[in-house]
Amino acid sequence: MNTETIVFALASALAIVFSLVMLFQRKPVKSVLSLVVTFFGLAILSVLLAAPFIAALQVIVYAGAILVLFLFVIMLLNLEQEAADKETRKIHFYLGILAVLGLGGLVTGLTLRAGNPPVPVGNGPFLIPAKDEIPLLGKVLFTDYLLAFEALSVLLLLAAVGALILSKRRFE
Amino acid sequence: MNYPIWLIPALPLLGFLLNGLASLLYGAAQAQKRGEEWRKAHPDEGHGHDHGSHEAAHGAHDSHDAHGHDHGHHDTGPMLPWALRLFHGVVGVGTVGLATVLSFGILVPYAKSVMSNVEGARPIVETLYHWIQVGGLSIDIAFRIDALSALMLSFVTFVGTLIHLYSVGYMQAEAGYGRFFAYLNLFMFSMLMLVLANNLPMLFIGWEGVGLCSYLLIGYYYDKDFAAAAGKKAFVTNRVGDFGMVLGIFGILALFGTTDFSFVDMARQQQMASGTPLGVYAVCALLFLGACGKSAQVPLYVWLPDAMAGPTPVSALIHAATMVTAGVYLVARCSAVFLLAPDALTLVAWVGAGTAILAASIGLAQNDIKKVLAYSTVSQLGYMFLACGVGAFAIGMFHVFTHAFFKACLFLGSGSVIHALHHEQDMRAMGGLAKKTPATHLTMLVSALAIAGIVPFAGFFSKDQILGSAFAGGHYILFAVGLVTAGMTAFYMFRLYRMTFSGTYRGTPEQESHIHESPLTMTVPLWILGAGSVLTGFLGLPEVFGKNLMVEFLSPSVGKMHAHEVSHATEYLLMAVSLAVAGAGIFLAFKWYTGQDAKFTPGAAPEDIIASPAAHAFFEKTGTLGKVVANKWNVDEGIEALVLSPFRKIGTFLWRGFDALFIDGLVNASAFMVELTGDLVRFFTTGNVRNYALTFVLGVLGFTLYIWMR
Amino acid sequence: MNAVEPMAVAPAAYLTVGTLLFFIGMAGALLKRNALSIFLSIELMMNAANLLLLTYARMRGDISGQVIVFFVIAIAAAEASIGLAMFVALFRARSTVDVDKINLLKW
């Protein structure tokens with residue numbers, strides 16, 4: 001067992017355990033915080049997968065910005081007490097569990113049984129180098145994916161404007 | 001000098017537009033005025049009822065007060081201002097008069113050229129533009145003047161103008177004066193299109209146009225139920241004929257490859273594009289069905305007597321002199337085609353003869369003065385078809401020509417009588433009018449003699465030649481039927497004459513004091529038409545008296561008559577026989593109807609008051625038959641039982657059984673299915689996001705399972 | 001030519017972790033009633049998908065997978081801002097974010 005395997009085991013255990021905490025936690029604030037921990041685990045996995053830039057984004061954007069936004073909203077709306085209500089529709093609850101276990105079991109089982117999927121090796125300019133992946137990612141983003149990148153910036157602008165309009169005082 | 005032919009129908013069309021527009025504008029202005037007056041009178045109603053008041057005012061403006069039982073005109077609406085009446089009269093009469101002058105300007109030189117060179121006479125054809133061009137078919141807007149259309153044109157315009165002039169006096173008290181003249185001008189336009197057309201589709205435009213005008217004018221008193229119903233009856237009955245007419249036009253197109261009247265020449269030279277004897281027979285029968293509808297032949301004659309619901313000038317112009325002769329014109333126009341199918345001609349002859357005697361017999365027992373004339377018209381049209389059927393097309397057209405004069409005169413005379421008696425049409429309430437209305441009396445006597453066939457009046461020559469042609473052609477039964485009809489005609493015309501003009505007046509003295517002769521615009525046309533009834537006969541003298549100008553004139557259009565050699569002695573004998581029969585009819589009428597009888601009380605049994613004891617004895621012997629005849633042979637009831645009521649039953653079945661159950665059932669069932677599906681699906685549409693998400697995931701699960709299992 | 005470094009941990013392990021996280025997220029999305037928690041679960045599902053993408057990119061040695069993850073994160077940011085604004089507006093209108101009490105999504 002090399003270190004990489006140990007790190008993988010710890011990180012994935014962290015992610016899975018805290019995602020389960022998020023699932024069973026009834027208080028929204030605690031859910032968000034446990035999800036933050038899950039995202040840290042995912043960031044570690046990303047580093048193992050030769051994607052340090054994505055790992056940084058995961059921490060900075062997801063954990064640092066998006067989930068903090070969630071926290072703001074939860075506290076703004078003061079949602080503490082509402083989470084404690086009892087489930088009213090039993091049938092829905094059981095059907096939901098059945099669906100999740102069925103589909104999840106099915107797909108997970110398939111993944112485990114199939115082993116390493118036969119993925120053809122890529123080639124060409126996008127080959128991940130052994131070291132310093134970030135310059136290549138930047139190059140690819142600003143050359144081959146430039147149009148999508150710019151479109152994304154417009155999308156973010158629109159999202160900001162939309163959020164502004166939606167959170168205005170009232171819809172008349 | 002060449003006059004443009006298209007101006008002849010265009011002038012009345014212009015008149016129609018001017019009169020119609022003026023009438024509409026005046027009507028709208030009146031409605032506006034009345035609406036304002038109403039608002040002034042009801043200031044508290046506010047403005048919310050503007051629309052309603054307009055409608056109410058309009059209704060009041062156009063309605064004619066109910067006025068007793070008569071079918072004549074109603075002078076109860078508000079009279080138009082004199083300036084407007086002058087405008088309508090001048091435009092109405094003026095345009096038609098101009099068209100008449102123009103057409104005689106064309107006709108007279110043409111007639112001269114035809115008479116000087118019968119063999120080489122070419123028709124004048126004036127093509128304006130191509131109307132329809134599809135493949136090899138080309139239909140032009142083209143006008144044609146040949147001998148046949150020239151003859152029609154002459155009396156249509158001449159009699160038409162006189163009747164327009166007459167209407168100026170007769171209709172002056174009517175609120176719908178402008179509307180009346182607009183329709184009358186439209187009728188003249190349509191009739192001239194019909195007469196001047198160079199092909200069958202164009203003729204059909206005129207054909208439908210006169211049908212429309214007939215409908216509009218019969219229903220002139222549209223607020224009266226009987227007038228509206230009569231208009232509808234005329235229209236629907238004509239539709240039956242028109243369907244034959246349209247199919248006939250298609251048939252002509254199939255046979256000759258053209259609808260241009262050049263097919264007549266082709267038929268004369270037996271050049272058919274295709275066709276079997278049966279095909280030609282079918283085409284002729286279909287065209288004749290169209291003619292039956294328009295010219296009121298058995299079994300489609302039923303609309304014409306009811307058409308008397310229109311104003312009397314309309315009856316004179318449309319339902320006696322011009323429009324109803326369109327069928328005869330059509331048959332004469334297609335004479336060459338009919339000659340290719342002798343069986344079809346036999347059919348024409350028998351239908352004509354049957355109509356003649358049937359209508360004449362009904363005419364014997366009518367008491368309404370216009371009804372008698374209506375049945376006499378049907379009967380005379382039967383004569384015309386009889387003539388065409390025995391191959392004497394020129395003689396048939398000659399009868400059309402003479403009939404136009406004396407029947408127009410009779411109708412206008414009856415209109416004058418009705419006018420004098422303030423809308424009394426029942427002859428039992430007349431009598432002794434000879435002294436009160438001398439002009440009407442004299443002109444009607446002349447035209448009655450003409451229609452009865454007394455020498456030397458016009459009807460004698462034409463009718464005698466019809467009978468002569470039937471006899472010479474060997475159609476002895478047709479001849480006999482015609483002869484009996486001639487006797488009946490003489491009888492009922494002089495029954496009418498005696499009941500109307502002879503003896504003493506049978507109304508109240510108060511009514512008697514109001515009897516007056518008609519104004520000059522009405523009597524002048526009467527005099528002219530009376531003179532026509534005397535003189536027109538001399539245009540077609542029988543062969544024994546010399547040259548028959550009419551037959552010779554028409555020969556380029558309808559072909560030479562097959563000369564059946566009959567000795568002069570036989571011809572004289574035939575004339576003597578027909579004169580004797582007519583004389584007997586007149587004698588019987590004079591003997592039975594003295595006109596010197598007790599006062600008339602409405603509701604009394606027919607004939608009870610008027611007829612002499614000898615007549616009463618005769619009526620008692622023929623009790624049942626007499627009643628059936630008086631009831632018009634129960635034809636209307638028969639049609640109701642045999643045609644209309646089965647149709648109504650089929651219609652009811654289709655409505656209740658097919659439409660309501662099956663069609664509606666299909667529609668309702670599909671609607672019900674949608675509703676049911678909606679009810680089911682609504683169960684899933686809870687509006688809850690989690691339900692949707694769950695359904696979605698379950699769907700994905702099912703789909704994954706399916707992929708796996710496969 | 002195989003320039004891709006062999007992976008120390010079997011790709012199947014990464015894929016299994018991603019799948020598990022995805023279905024945990026799905027369970028939250030289906031079973032939670034608080035709109036914000038559902039939203040949170042969806043974020044988790046999205047990140048699980050990201051992990052799978054990264055794994056495949058690593059297996060293939062192709063950096064395009066990382067580009068797509070980059071885009072997903074950016075779009076998630078946009079989505080989060082709009083979604084949270086909507087919840088704020090929703091809460092203002094109805095004083096609740098319990099999806100069972102909001103059933104306008106019909107007809």
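A few points about this structure:
- A Stokes-Einstein calculation at 20 °C with viscosity 1.002 mPa s, built on the Kirkwood radius of the range B:508-571 over Cα pairs, returns a diffusion coefficient of 135 µm²/s.
- For the range B:464-492 versus the range A:50-70, the inter-centroid distance based on Cα atoms is 118 Å.
- Computed 3J(HN,Hα) for the range C:19-25, one whole-Hz value per residue from the Karplus formula 6.51 cos²θ - 1.76 cosθ + 1.60 where θ = phi - 60°, is 5, 4, 4, 4, 7, 5, x, glycine and proline marked x.
- Unit Cα scatterers, Debye sum, chain B: log10 I(q)/I(0) for q = 0.06 Å⁻¹: -0.40
- In straight-distance terms, cross-link reach from A:LYS131 covers every one of the lysines whose alpha-carbon lies under 20 Å from its own, apart from those fewer than eight places away in the same chain; here that gives A:LYS139.
- Across the range C:12-94 the C-alpha pair distances fall into 5 Å bins from zero in the proportions 3, 15, 19, 20, 18, 11, 7, 4, 2, 1, 0 percent.
- When the C-alpha to C-alpha distance is required to be over 31 Å, the pairs from B:LYS463/B:LYS591; A:LYS168/C:LYS101; B:LYS232/B:LYS370; B:LYS371/B:LYS560; B:LYS436/B:LYS547 that qualify are B:LYS371/B:LYS560; B:LYS436/B:LYS547.
- One chain, two ends: A:LYS90 and A:PHE72. Fully extended at 0.36 nm per residue, the span grows by 3.3 nm beyond their Cα-Cα distance.
- Length available on full extension from B:TRP131 to B:GLN32: 0.36 nm per residue minus the Cα-Cα distance, which gives 31.4 nm.
- Global geometry of the range B:656-710, whether rounded, prolate or oblate, following the gyration tensor of its Cα atoms and the 1.5 cut on a/c: oblate
- A Förster radius of 56 Å combined with the Cβ-Cβ distance from B:ALA669 to B:LEU212 puts the calculated FRET efficiency at roughly 0.85.
- Relative contact order computed over chain B (Cα-Cα under 8 Å; 6+ residues apart), in percent: 12 percent
- For the range B:278-412, diffusion coefficient by Stokes-Einstein and Kirkwood Rh (Cα), 10 °C, 1.306 mPa s, µm²/s: 110 µm²/s
- Sequence-ordered 3J(HN,Hα) estimates for the range B:667-677 from the Karplus curve with 6.51, -1.76 and 1.60 and θ = phi - 60° stand at 4, 5, 5, 5, 4, 5, 4, 4, 5, 4, 4 Hz, glycine and proline given as x.
- Debye log10 I(q)/I(0) at q = 0.19, 0.33 Å⁻¹ for the range A:130-172, Cα point scatterers: -0.67, -1.01
- Part-to-part distance (alpha-carbon centres) for the range B:379-422 and the range B:9-43, which is given in Å: 37 Å
- Residue order, fewest to most surrounding Cβ atoms within 10 angstrom, among A:LYS131, B:LYS436, B:LYS560: A:LYS131, B:LYS560, B:LYS436
- Approximate spin-label separation A:LYS139-B:VAL577, in nm, with each point projected 7 Å along Cα-to-Cβ: 12.7 nm
- Rounded, prolate or oblate (a/c below 1.5 giving rounded, otherwise prolate when a/b exceeds b/c) for chain A by Cα gyration tensor: oblate
- Distance histogram for the protein assembly as shown (every C-alpha pair counted, 10 angstrom bins, percent rounded to whole numbers): 2, 9, 15, 14, 10, 5, 3, 5, 7, 10, 9, 6, 3, 1, 0
- Near-label residues of the range B:143-186 by backbone N, under 19 Å of a point 7 Å along Cα→Cβ of B:ALA83: B:177-179
- Translational D in µm²/s for the range A:1-88 (Stokes-Einstein at 10 °C, 1.306 mPa s, Kirkwood Rh from C-alpha pairs): 113 µm²/s
- Nearest-0.05 FRET efficiency for B:ALA41 and B:VAL628, computed from C-beta distance (R0 51 Å): 0.35
- Each stretch of four or more DSSP H residues adds -39500 (n - 2.57); spread over every residue of the protein assembly as shown, this sum gives -23000 deg cm²/dmol at 222 nm.
- Using a simple spin-label model with pseudo-atoms 7 Å out from Cα toward Cβ, B:LEU535 and A:ASP132 lie 12.7 nm apart.
- Order by protection proxy (mean Cβ within 10 Å, highest first), peptides C:34-46, A:60-72, B:676-688: C:34-46, A:60-72, B:676-688
- Length-normalised contact order of chain A in % [C-alpha pairs under 8 Å, at least 6 apart]: 16 percent
- Per residue, the average separation of C-alpha pairs within less than 8 Å and at least 6 apart gives the range B:86-171 a relative contact order of 35 percent.
- Applying the Karplus relation 6.51 cos²θ - 1.76 cosθ + 1.60 with θ = phi - 60° to the range A:99-109 yields 3J(HN,Hα) values of 4, 5, 5, x, 5, x, x, 4, 5, 5, x Hz, where x marks Gly and Pro.
- Along each principal axis, Cα extent of the range B:347-468, largest first, Å: 45, 27, 17
- Spacing of the two label points (7 Å from each Cα toward its C-beta) at A:THR5 and C:ALA12, in nm: 1.4 nm
Readers should treat all values here as calculations from the given coordinates under stated rules, not as data from a laboratory. Keep in mind that what you see is a predicted model, and the values were worked out from it rather than measured. All Cβ positions, even for glycine, are placed from backbone atoms using ideal geometry, and neighbour counts span all protein chains on display.
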